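Each remark here refers to the structure printed beneath this line.
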Amino acid sequence: MKNHLHTLKGAVVLALGLAAASATAQAGGEQYFPLQSYRVGPYAAGGTGFFGGFIDYLQYVNIKEGGVNGVKLSWSECETEYVVEKGVECYERLKKGLNGAPAAATNPLSVGIAYATLERSTADKLPLITINHGRTDSTDGSVFPYVFPLQLNPYSEVSAIINYIGQKSGGLAKLKGKKIAVLYHGSPYGKETNPILELLSKKYGFQLVSLEVPHPGNEQQSQWLTIRQQKPDWVILRGWGVMNPVALKTAQKTGYPADHIIGNIWSNSEEDAAPAGAAAKGFISITTHPSGTQFPVLQGIKKTVLDAGKGNLADAKRFGTVYYNLGVVNGILNVEAVRLAQAKFGKKPLTGEQVRWGFEHLHFDDKRLKEVGALGLLQPLQLSCADHEGGGAVRFQQWDGQQWKVISPWVQADRKLLRPIIEDSSHKYAKEKGITPRDCSKES
Amino acid sequence: MSFFMEVLLGGLLAGVMYSLVAIGFVLIYKASGVFNFAQGSMVLFAALTFVSLLERGLPFWLSFVISLLSMLLLALLLERLVLRHLVNRPPITLFMATLGLSYVVEGVAQALWGAQVHGLDLGIEDTPLELGGLMLSRFDLFAAASAGLLVLLLSLLFNKTRIGLSLRAVADDQLAALAVGIRLQRMWVLVWAVAGLVGLVAGLLWGARLGVQFSLSLIVLKALPVLIIGGFTSIGGAIVGGLIVGASEKLAEVYLGPLLSGGIENWFPYVLALLFLLLRPAGLFGERAIERV
């Protein structure tokens, strides 16, 4: 009996050991994405859309291609509620990977969390992806090797808006004498582009009226009455959350036309325009990616993931919206970085340091965009050691009362003008922190 | 001069919206001495319930009635599960309980109706209206009229009905009210339900202005200086406090803001409230506490 018990005990231990080993081996054969997501709280609408799109794309790659070169993609979520301290806690909890699968990169979609984890990411050699947001000077990869403000940094954003207003006015020279107001969120995010707008106003000779809206922005009567008094030709809306629909409603209330308000990248979703109802009709905003479901990659996700009942969105109607598509675009960029890094380091799960190399060598031309089914969804871009943004172009879209319609081709930011300002700032940062910038001419 | 008048009138009308939220606080404070920090979450819960029902195809009036019933149910649950067990506890305990409740109510609202942002159209056009050379908002005028009607109804309830008499008795002295046979628990449920109605009206008007989203609960931050200035125990005080806060913050933002690099309207009302705390701690219409020492 004792022997039987021993045998049974041994078998159980062996079985458990095998199971554990197999789970580790299986997980160890995966590439892990730690997700500092936010699905509750005031910013949940953005979080659920973005992380829904990101996860659905990872699922799509797993189902359609069996992962990246056979390496399955895995992920787990940690709820930040968009709170910085929770974001840092989540970073620390997830950065080491999951069951042996190494972490590829972090994607917090929060300026505050990105700032708070920037130095940690660099120390941990884990790429920090701040698609369409983040520190502008992190574009300079020689100083910020692990930070990637992919597609669009805040300076490029306002530069492209001024270029568009110039186009609408008949050329940048015609901006002289015009009046442009900027209505910005009362936060470091909102204020970040003010010096660039001042620079551009001096360069092109337009008058700049800057108006701050205190957080959260649910009262804007005085700002819009000032706008009515000042009569600007255009208003740039640099908003966030509730500030955006309130701006549109108050503009209507004070008689300012919506089709002369241009929203920035965080004023460009359905959640920003729809709650304003009729007041939003005609509102223009920038976008790095159109909404819509017509792109082959989205059709593929629909067929493979959503129709199979595996979609991440609680509300399937949000498929193809601005936040969802941003998540898909982010997924494409992350997966492509893994793919490129695998070509150099081998078809296996990679460390954050190796995936960083992949991000730095991202190159999407029309041919590659077509291959991944994202032509028209994602802009052509090429990153390098020195340039961690890669794109710097936006398109303009207009709210027709129900949905966004793209109304312009790609409008490029004046990146030549911005680059020295970015480098000034990044070198100042390097000096403060005692960082020796990399020599990008020697990087391969 | 007309610009000044527009800013002033716009501020006064915005102030009425703040008063709407503040009235909910006053009702509960008067009847139970509880500063209900969960009032903002109740506004959110009511508005989110209403708009979610409306979006599911229910008619306006039915959505309103069901939302109102849900607020009554919430009041019942609060009384049974929380307040009843905290009778005779220090005010800070009750305050902390409502602080916790605000998170619970928000969480339940999100679990029930999701985190999506909703537009709310009450059918009132919000185009500018030209009156005597001044541009005013139709919606704000409607909101002011709604607040006025609500105050009138509440005044009638408090002053002309038996229930109102009981509520006033409870507000004056809970022990004496119990001694003459008034059922304290029932009164608490009633007053929380009335605060729920006020929350629903405030939620609809604020929701139509901001969209129904989770930051709706942050409007309590606008009600706090209103209460300090008007007094915690007076509905009339909440109205006057709201008008003072609305007008002063708008004028300050327009005329002082440029000198102080802008964005001052969030903290300016609190400067006023601090001055009131120093000079008139009970507010303009609040009851002064007199204690035998």
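The values are calculated or read from the model by the stated rules, or taken from the named source; none is laboratory data. Small disclaimer: the values here were computed from a predicted structure and weren't measured. Don't worry about glycine lacking a Cβ; one is built from the backbone with ideal geometry, like all the others, and counts go over all protein chains shown. Areas reflect the complete protein model, heavy atoms only, side chains present, ligands, DNA and RNA absent. Shrake-Rupley method; radii C 1.70, N 1.55, O 1.52, S 1.80 Å.
With a point put 7 Å past each Cα toward its Cβ, work out how far B:MET96 is from A:GLN412 in nm, to one decimal.
6.2
If Lys and Arg each add +1 and Asp and Glu each add -1, what is the summed charge of the other residues whose beta carbon sits under 12 Å from the beta carbon of A:GLN31?
On the way: positive: A:LYS72, A:ARG339, A:LYS347, A:LYS348; negative: A:GLU30.
Counting the neighbours of A:GLN31, the net charge comes to +3.
Between the DSSP loop rule and a limit of at most 12 other Cβ atoms within 10 Å, which chymotrypsin sites (Phe, Trp or Tyr not before Pro) in the stretch B:29-122 are left? The partial results should precede the final answer.
Numbers: sites: B:TYR29, B:PHE35, B:PHE37, B:PHE45, B:PHE50, B:PHE60, B:TRP61, B:PHE64, B:PHE95, B:TYR103, B:TRP113; in loops: B:PHE35, B:PHE37.
The qualifying sites: there are none.
Set the Förster radius R0 to 30 Å, insert the Cβ-Cβ distance between B:ASP172 and B:LEU73 as r into 1/(1 + (r/R0)^6), and round the FRET efficiency to 0.05.
Details: r = 29 Å, r/R0 = 0.96.
For R0 = 30 Å, the calculated efficiency reads 0.55.
Using only protein heavy atoms and a 1.4 angstrom probe, determine the accessible area buried between B and A, summed over both sides, in Å² to the nearest 100. Walk me through the numbers on the way to the answer.
Numbers: alone 14440 and 18320 Å², together 29940 Å².
Using a 1.4 Å probe, the pair buries roughly 2800 Å².
Show A:SER187, A:SER285 ordered by accessible area, largest first, where the area counts protein heavy atoms only and the probe is 1.4 Å. Write out the running numbers ahead of the final one.
On the way: A:SER187 25, A:SER285 0 Å².
The ranking, largest first, comes out as A:SER187, A:SER285.
Taking all protein chains together and a probe of 1.4 Å, list A:ILE131, B:ILE239 from the most accessible to the least accessible. Kindly include the intermediate steps, with their values, before the conclusion.
Numbers: A:ILE131 5, B:ILE239 45 Å².
Largest accessible area first, the list is B:ILE239, A:ILE131.
Can you give the direction-averaged projected area of the convex hull of the alpha-carbon atoms in the stretch B:139-232, in nm²?
Working: hull surface 28.6 nm².
Result: a mean projected hull area of 7.1 nm².
Return the FRET efficiency for the residue pair A:ARG368, B:LEU141: r is the Cβ-Cβ distance, R0 is 41 Å, and the value is rounded to the nearest 0.05. Intermediate values should be presented prior to the final figure.
Working: r = 57 Å, r/R0 = 1.39.
In this case the efficiency is close to 0.10.
Largest first, how would A:LYS281, A:LYS344, A:LYS178 line up by accessible area (1.4 Å probe)? Please list the in-between numbers first.
Values: A:LYS281 135, A:LYS344 105, A:LYS178 60 Å².
The residues order as A:LYS281, A:LYS344, A:LYS178, largest area first.
Rounded to the nearest 500, what is the 222 nm mean residue ellipticity of chain A from helices alone, with -39500 (n - 2.57) per DSSP H run of 4+ residues and division by all residues? If you can, show how the numbers build up before the last one.
Values: 15 runs with 194 residues, N = 444.
After summing the helix terms and dividing by residue count, I get -14000 deg cm²/dmol.
Whats the longest run of chain B with zero trypsin sites (Lys or Arg not before Pro) that are DSSP loop and have at most 16 other Cβ atoms within 10 Å? Walk me through the intermediate numbers first.
On the way: sites that count: B:ARG56, B:ARG183, B:ARG288, B:ARG292.
With a cap of 16 other Cβ atoms within 10 Å, the longest stretch comes to B:57-182.
Quick one: if you stick a label point 7 Å off each Cα along the C-beta vector at B:VAL180 and B:LEU277, how many nm between them?
Going from the B:VAL180 label point to the B:LEU277 one covers 3.5 nm.
Among B:PRO91, B:LEU53, B:ILE264, pick out the residue whose Cα is farthest towards the positive end of the charge dipole of chain B, where Lys and Arg carry +1 and Asp and Glu carry -1 on C-beta, about the Cα centre.
Comparing the listed Cα positions along the dipole, B:PRO91 ranks first.
Taking a ≥ b ≥ c as the square roots of the Cα gyration tensor eigenvalues, with a/c under 1.5 meaning rounded and otherwise prolate when a/b beats b/c, else oblate, which class fits the protein assembly as shown?
Values: a/c = 2.10, a/b = 1.34, b/c = 1.56.
Because a/c hits 1.5 or more and a/b fails to exceed b/c, the protein assembly as shown counts as oblate.
Do you know the relative contact order of the stretch B:2-279, to the nearest whole percent, from alpha carbon pairs under 8 angstrom that are 6+ apart?
On the way: 403 pairs, mean separation 107.1, N = 278.
About 39 percent, as a whole number.
If you roll a 1.4 angstrom probe over the protein chains with everything in place, what fraction of the accessible area of chain B belongs to carbon and sulfur, to the nearest %?
Numbers: 9010 of 13050 Å².
Within chain B, the accessible surface is 69 percent carbon and sulfur.
Calculate the FRET efficiency for A:ARG120 and B:LEU122 from the Cβ-Cβ distance with a Förster distance of 41 Å, rounded to the nearest 0.05.
Working: r = 48 Å, r/R0 = 1.16.
FRET efficiency, A:ARG120 to B:LEU122: 0.30.
Just going by the charge dipole of chain A, with Lys and Arg at +1 and Asp and Glu at -1 on Cβ, which of A:LEU126, A:ILE236, A:TYR43 is farthest out on the positive end?
Of the candidates, A:ILE236 comes out farthest on the positive side.
Relative to the Cα centre, what is the charge dipole magnitude of the stretch B:2-279, using +1 at the beta carbon of each Lys and Arg, -1 at the beta carbon of each Asp and Glu, and rounding to the nearest 20 debye? Each step should come with its number before you reach the end.
Working: 14 positive and 14 negative charges, 225 e Å.
For the stretch B:2-279, the charge dipole is close to 1080 debye.
Name the residue from A:GLN151, A:GLN167, A:PRO188 whose Cα lies farthest towards the positive end of the charge dipole of the stretch A:104-263, charges +1 on Cβ of Lys and Arg and -1 on Cβ of Asp and Glu.
Towards the positive end, the residue furthest out is A:GLN167.
Are there residues in the stretch B:82-126 whose accessible area shrinks by at least 40 Å² when all protein chains are included rather than the chain by itself, and which are they (probe 1.4 Å, ligands and nucleic acids not counted)?
Output list: B:GLN110, B:ALA115, B:GLN116, B:VAL117, B:ASP126.
Report the net charge of residues surrounding B:ALA111, where surrounding means a beta-carbon distance below 15 angstrom and charges are Lys +1, Arg +1, Asp -1, Glu -1.
Details: positive: A:ARG39; negative: A:GLU79, A:GLU81, A:ASP315, B:GLU106.
Counting the neighbours of B:ALA111, the net charge comes to -3.
Any idea of B:LEU12's accessible area? Nearest 10 Å², probe 1.4 Å.
Here the residue's solvent-accessible area equals roughly 50 Å².
For every other residue with a beta carbon closer than 14 angstrom to the beta carbon of A:ASP124, add +1 if it is Lys or Arg and -1 if Asp or Glu, then tell me the sum. Present the calculation step by step, with values, prior to reporting the outcome.
Numbers: positive: A:ARG93, A:LYS95, A:LYS96, A:ARG120, A:LYS125, A:ARG356; negative: A:GLU92, A:GLU119, A:GLU353.
Neighbourhood net charge equals +3.
Report the accessible area of A:ASP414, computed with a 1.4 Å probe over the heavy atoms of all protein chains in place, in Å² rounded to the nearest 10.
40
Quick one: putting +1 on the C-beta of Lys and Arg, -1 on the C-beta of Asp and Glu, what dipole do you get for the protein assembly as shown around its Cα centre, in Debye to the nearest 20? Don't jump to the answer; show the numbers that get you there.
Working: 66 positive and 56 negative charges, 156 e Å.
The dipole of the protein assembly as shown has a size of about 740 debye.
So how do A:237-249, A:83-95 stack up, highest first, on mean other-Cβ count within 10 Å? All intermediate terms of the calculation are to be shown ahead of the outcome.
Working: A:237-249: 27.6, A:83-95: 17.8.
By packing density, highest mean first, the sequence is A:237-249, A:83-95.
Describe numerically, in nm with one decimal, the distance between label points set 7 Å from Cα along Cα→Cβ at B:VAL65 and at B:GLU130.
So the two model labels end up 4.4 nm from each other.
Under a 1.4 Å probe, what is the accessible area of the stretch B:41-168 per residue, stated in Å²? Display every interim value, and only then the final one.
Working: 6680 Å² over 128 residues.
Result: 52 Å² of accessible area for each residue.
Specify the residue with the greatest mean-square fluctuation among B:ALA179, B:ALA273, B:ALA195, computed from a Gaussian network of chain B linking alpha-carbon atoms under 10 Å apart.
B:ALA179
Accessible surface of A:CYS78 in the full protein assembly, 1.4 angstrom probe, to the nearest 10 Å²?
10
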